[in-house]
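For reference, the structure is listed below as structure tokens.
The values are calculated or read from the model by the stated rules, or taken from the named source; none is laboratory data. Computed from a predicted structure; not experimentally measured. We place every Cβ from the backbone using ideal geometry, glycine too, and count neighbours over all the protein chains shown. Just the protein is used for accessible areas: all its heavy atoms, side chains included, with ligands, DNA and RNA removed. Shrake-Rupley method; radii C 1.70, N 1.55, O 1.52, S 1.80 Å.
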Amino acid sequence: MSGFKENFLWGGATAANQIEGAYLEDGKGLSVYDIVTVGSHTNPRRITPIISEENFYPSRVAIDHYHRYKEDIALFAEMGFKAYRLSISWSRIYPNGDDEKPNEKGLKFYDDIFKELKKYNIEPVVTISHSDIPLAIATKYQSWTNKKVIDLYVKYAKTLFERYSEYVTYWLPFNEINNMFLSLSALGQGAMFPKEECTFQGQPDDFEMRMKALKNIFIASAKAVIAGKEINDKFHFGTMICHITRYPRTCHPDDVLSVFKNDLFYNNTCSDIMLKGEYPFYTLNEFKNRGIDIELTDEDKQILKEGVCDYYTFSYYQSISESTLDFNEQTSGNIMGGIKNPYLKETEWDWPIDPVGLRYTLLKVYDRYKVPVMITENGIGCRDVLNDDGTIHDPYRIEYIKDHIVEMEKAVNDGVDLIGYMAWGCIDLVSVSTGEMKKRYGFIYVDTDDLGNGSFKRYKKDSFNWYKKVIESNGEIR
Ligand code: BGP
């Protein structure tokens, strides 16, 4: 018997803007991702406020899940998924963000998805905003810099709570909420929407404004939690932290101290606010040192206290190492890279591979919060080859996930209350950082390329049957 709980939630995760396509169908409005071009590892994606039909915008087509969700969910069921993490496209429900009434056809689409999941006893885990907001909110309100967006979000969230109350228990108010801390390239949560064309990484930035916008996001999240619990007290709300696990590159005390402080600031601030209900002292102090006033009122503090989440979830792809000394070799990664770690291998996209770091992270966050923990993203983006006979051999993906599951089980045996594992991109989808399709994460291959050509036919990779056995044996066979 494996160490995992009997009702452990094995599954996979996706996001609306990376799979749905059908970007203007059935009343959907433009989302911020509908104006981001395709890029590559070496050629950055571009945000184009003035849309040019010469560009290719991958989210508009994605993998056409909008029309193929039944087939996709049937494949998830065949793998034995106990849970499936999806996000709802805000601009499908409120096309302009500030519409008086929701778009019935958009709501119906997710009714159908939830009904389909229920048919197979798959538990939905729903992200309310996966970095993806209606474009009109960005252009008309300048996104989260504007307090009015809090009410728009809460109205949207309440619409979902009321409509899907019978289907959904697990909610995540925001995807990777700490991206706003980590980097400016967090488009959907972006503090400042670019007026002119710029690269994904080259968005206009102002740290103070970003921190104020983030405060608005926390207030929106807490208000949604409060409203959700009034609608259904069985709802569970989770954080969703982009956990960038940090190591000192050397044992120089300056390196150790600096990593400790960065970990507090970048990894813990957001989960401290969402689980402990207040801004931590070190973050407020950091703001003070930088001369930043986020204008935190007593009313804000009260809302944050009342709207705390119930469980901790995070994405984990890699660790990074940092140093105050000079090291030349760099790595890339999810949101940010670091200095090359000589003990770790890297993916083709230069993301370090570190399964032991997952055990370390699980212990660290459970020790800090003592609430159930769920891994809501983990996986490896690789180039796959579709053979003439329809097979795809992906031993590298099996190896990556297997090594992470081994460390997860060790963490469970260490005493961590781990309740679920959602493999990222369980079906191939559009990469956020590069916009490519060739950077594939799935157990299911989708026959389309970086420019949206192809049959969109689904094929099972070797990892499909392997993951099926993992789930069947509750993690024992791997
Ligand atoms: C996370 C996002 C996901 C996903 C993942 C992999 O930050 O929440 O949406 O895309 O990273 O990153 P990429 O798509 O850039 O390979």
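Looking at TYR396, TYR343, just one residue is among the aromatic types (Phe, Trp, Tyr), open to solvent by 30 Å² or more (accessible area, probe 1.4 Å) and without any contact (Cβ under 8 Å) to a residue 12 or more places away in the chain, and that residue is TYR343. Filtering the stretch 1-57 to residues that are touching a residue at least 40 places away in the same chain (Cβ under 8 Å), within 16 Å of the ligand (Cβ to nearest atom) and part of a loop (DSSP other than H, G, I, E, B) leaves THR14, ALA15, GLU20, GLY21, THR37, VAL38, GLY39, SER40, HIS41, PRO44, ARG45.
If you check LEU386, LEU358, LEU363 for being open to solvent by less than 80 Å² (accessible area, probe 1.4 Å), more than 16 Å from the ligand (Cβ to nearest atom) and under 29 Å from VAL446 (Cβ atoms), only one passes: LEU386.
Looking across THR127, THR159, THR169, one residue alone is touching a Phe, Trp or Tyr at 6+ places or on another chain (Cβ under 9 Å), at pLDDT 95 or above, of a type in the set (Ser, Thr, Tyr) and within 16 Å of the ligand (Cβ to nearest atom). It is THR127.
Conditions (1) modelled with pLDDT of 95 or more; (2) part of a helix (DSSP H, G or I); (3) open to solvent by less than 20 Å² (accessible area, probe 1.4 Å), marked per residue:
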site	(1), (2), (3)
SER59	yes, yes, yes
ILE73	yes, yes, yes
PHE76	yes, yes, yes
PHE81	yes, no, yes
SER91	yes, yes, yes
ASP99	yes, no, no
PHE109	yes, yes, yes
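Only one of the numbered conditions (1) open to solvent by less than 10 Å² (accessible area, probe 1.4 Å); (2) part of a loop (DSSP other than H, G, I, E, B) is not met by ILE375, and that is (2). Restricting the first member to the stretch 431-443 and to residues that are open to solvent by 10 Å² or more (accessible area, probe 1.4 Å), and the second to residues that are near the ligand (Cβ under 6 Å from one of its atoms), the beta-carbon pairs closer than 6 Å and six or more apart or on different chains are TYR441/GLY381; TYR441/TRP424.
Residue by residue through the stretch 446-472, note down the ones that are hydroxyl-bearing (Ser, Thr, Tyr) and within 16 Å of the ligand (Cβ to nearest atom). Residue satisfying the conditions is THR448 alone. Within the stretch 112-138, being over 20 Å from the mean Cα position of the chain (by Cα), closer than 25 Å to ALA222 by Cα and open to solvent by 10 Å² or more (accessible area, probe 1.4 Å) holds for one residue alone: ALA136. Of the residues making up the stretch 122-149, those that are closer than 22 Å to TYR164 by Cβ and in a loop (DSSP other than H, G, I, E, B) are ILE122, HIS130, SER131, ASP132, ILE133.
Note on the stretch 156-166: residues that are under 14 Å from ILE88 (Cα atoms) and open to solvent by 30 Å² or more (accessible area, probe 1.4 Å) amount to 2.
Filtering ASP26, ASP64 for residues that are surrounded by 17 or more Cβ atoms within 10 Å (Cβ to Cβ) and of a type in the set (Asp, Glu) leaves a single hit, ASP64.
Among the numbered conditions (1) within 16 Å of the ligand (Cβ to nearest atom); (2) modelled with pLDDT under 90; (3) open to solvent by less than 50 Å² (accessible area, probe 1.4 Å), the only one that GLN201 does not meet is (3).
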